[in-house]
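Just so you know, all these numbers are worked out from the coordinates, no wet-lab data involved. Fair warning: this is a prediction, and the values are worked out from it, not measured in the lab. Positions of Cβ are generated from backbone atoms using ideal geometry, with glycine treated the same way; all protein chains shown enter the neighbour counts.
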Amino acid sequence: MPRRNSNRQIHKSLPPKIPKIDNETVIDPFTNEEATLTQILRSSAKKQYICPGCNQEIMVKTTHFVVVPKRYPADRRHWHSACIKKALKR
Ligand SMILES: [Zn+2]
């Protein structure tokens, strides 16, 4: 078998699909508490929420994010994808 020098190519074949964000630890921009960030895919988004970033509704069947403070899980908040990305950027 011919030896192929393909080690450098590994990172070039990543799938174009963006992986789902699940249980990523972040600092909740709303409460400043350590929280978990989870993406809610549109197929699982069955309720309407108010986004704390812009005070607009997150419509049903919209991919968005939920931020769950670790100490106060009841204070979870749902954010638009764009709003949470803006809020998490320092
Ligand atoms: Zn928003």
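Can you pull out the residues in segment 19-59 that are within 15 Å of the ligand (Cβ to nearest atom), polar (S, T, N, Q) and within 15 Å of the chain's Cα centre (by Cα)?
Residue satisfying the conditions is 39 alone.
Restricting attention to segment 40-76, which residues are part of a strand (DSSP E or B), out of contact with any Asp or Glu (no Cβ under 7 Å at 6 or more places or on another chain) and within 15 Å of residue 22 (Cα to Cα)?
Result: 40, 64, 65, 66, 68.
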